[in-house]
Amino acid sequence: MNSSPLGVDRRIYDADLYDGFNRFTDDLPFYLCLARAARGSVLELCCGTGRLTLPLAGAGVDITGLDFTSSMLERARRKAREARLRIRFVRGDMKAKSLGRKFRLVFIPFNSLQNTYSVEDVERVFRNVRRHLSPGGRFAFDVFNPSVRYIVESERKVQKAKIRFRLPDGRKVSIDERFRYDAARQTARVTWVHHVGGKTFASRLDMRCFYPLELDALLRHNGFSVLRKYGSFDLKPFRSESPKQIFVCAQR
């Protein structure tokens, strides 16, 4: 068994690279709808450079963003200043950081829960979410629905130029992906080979895979009721073939 530590390479969190490959917006209407329905303050965990935080604030949502990476928060604050938005961005670990207040909605977007690798750490996240939820508040998040077929097929090949974009300075970026599944730790071990302006470097992105019944049980065990579970951001019901697991929960 490979016992190398699980984690995410710090180069994944380079703000320019992050903004380049994180242009996904399919989740924005979903989280905006939840934020408006909350009718109160909202906390986004793992907010990154503000991909969702800024448009939600621009729509009138009272939102706070928390992230562990200083460079990402610096970029988020700069974007907020340029957009003339008042947003509180806080550096901290979602497993433990206390903000000293309650929120009507807490959400963890973009598969970020999959960067917690042990059951103990997942439970620490859930406990911290509960500490920050006001009575009647909602907890929402999304993760991938693991596909055995995808795992098998992805281990057989290198996906060349899976991601392509340009940096603000005009340099072209192309990213190849290699994938290996660590069954003992239920973790997809992804290596990205970045080709940036003639230079090449590799970075690692480990993602914990949560199987559907396992995640349902973890939520119940940690004091949550699942109110709704979707399989995609167009609100289709969750099924075996769904690409995502999208949860809306309340405290029991």
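The values are calculated or read from the model by the stated rules, or taken from the named source; none is laboratory data. This is a predicted model, so every value here is computed, not measured. Positions of Cβ are generated from backbone atoms using ideal geometry, with glycine treated the same way; all protein chains shown enter the neighbour counts.
Among the residues of the range 187-216, the one identified as in a loop (DSSP other than H, G, I, E, B), under 20 Å from N115 (Cβ atoms) and over 16 Å from the mean Cα position of the chain (by Cα) is Y211. Criterion applied to S154, S118 was being surrounded by 12 or more Cβ atoms within 10 Å (Cβ to Cβ), farther than 17 Å from F107 by Cα and without any contact (Cβ under 8 Å) to a residue 40 or more places away in the chain, and the one residue passing it is S154. Within the range 61-110, work out how many residues are hydroxyl-bearing (S, T, Y) and more than 15 Å from L45 (Cα to Cα). Summing the residues that are hydroxyl-bearing (S, T, Y) and more than 15 Å from L45 (Cα to Cα) in the range 61-110 gives 1. Screening the candidates V129, V61, V106, V122 for the property of being hydrophobic (A, V, I, L, M, F, W, C) and in contact with a His (Cβ under 6 Å, 6 or more places away or on another chain) yields one hit, V106. Can you find a residue that is under 21 Å from S98 (Cα atoms), free of Cβ contacts under 8 Å to residues at least 40 places away in the same chain and either outside the structural domain of S98 (by TED's automatic domain parsing) or out of contact with any helix residue (DSSP H, G or I) (no Cβ under 9 Å at 6 or more places or on another chain) (or both) anywhere in the range 52-59? Within the range 52-59 (the criterion being under 21 Å from S98 (Cα atoms), free of Cβ contacts under 8 Å to residues at least 40 places away in the same chain and either outside the structural domain of S98 (by TED's automatic domain parsing) or out of contact with any helix residue (DSSP H, G or I) (no Cβ under 9 Å at 6 or more places or on another chain) (or both)), the answer is no, since none of the residues qualifies.
Scanning the range 19-38 for residues that are part of a loop (DSSP other than H, G, I, E, B) and either surrounded by 14 or more Cβ atoms within 10 Å (Cβ to Cβ) or in contact (Cβ under 8 Å) with a residue 40 or more places away in the chain (or both) yields a count of 5.
Taken over the range 138-185, the criterion of being aromatic (F, W, Y) and out of contact with any Lys or Arg (no Cβ under 9 Å at 6 or more places or on another chain) is satisfied by F141, Y150. The residue pairs whose first member lies in the range 199-226 and is at positive phi, whose second member is of a type in the set (K, R), and whose beta carbons are closer than 8 Å, counting only pairs six or more residues apart or on different chains, are G223/R130; G223/R252. Out of G100, G136, one residue alone is assigned by TED's automatic domain parsing to the domain that holds F24, within 25 Å of F238 (Cα to Cα) and surrounded by fewer than 20 Cβ atoms within 10 Å (Cβ to Cβ). It is G136.
Just wondering, is there one or more residues in the range 157-173 that are within 24 Å of D27 (Cα to Cα), assigned to a loop (DSSP other than H, G, I, E, B) and among the β-branched types (V, I, T)? Within the range 157-173 (the criterion being within 24 Å of D27 (Cα to Cα), assigned to a loop (DSSP other than H, G, I, E, B) and among the β-branched types (V, I, T)), the answer is no, since none of the residues qualifies.
A quick yes/no check of all residues on (1) under 30 Å from F165 (Cβ atoms); (2) modelled with pLDDT of 95 or more; (3) surrounded by 15 or more Cβ atoms within 10 Å (Cβ to Cβ):
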| position | (1), (2), (3) |
| --- | --- |
| H194 | yes, no, yes |
| F201 | yes, no, no |
| R208 | yes, yes, yes |
| L215 | no, yes, yes |
| L218 | no, yes, yes |
| K236 | yes, yes, no |
| R239 | no, yes, no |
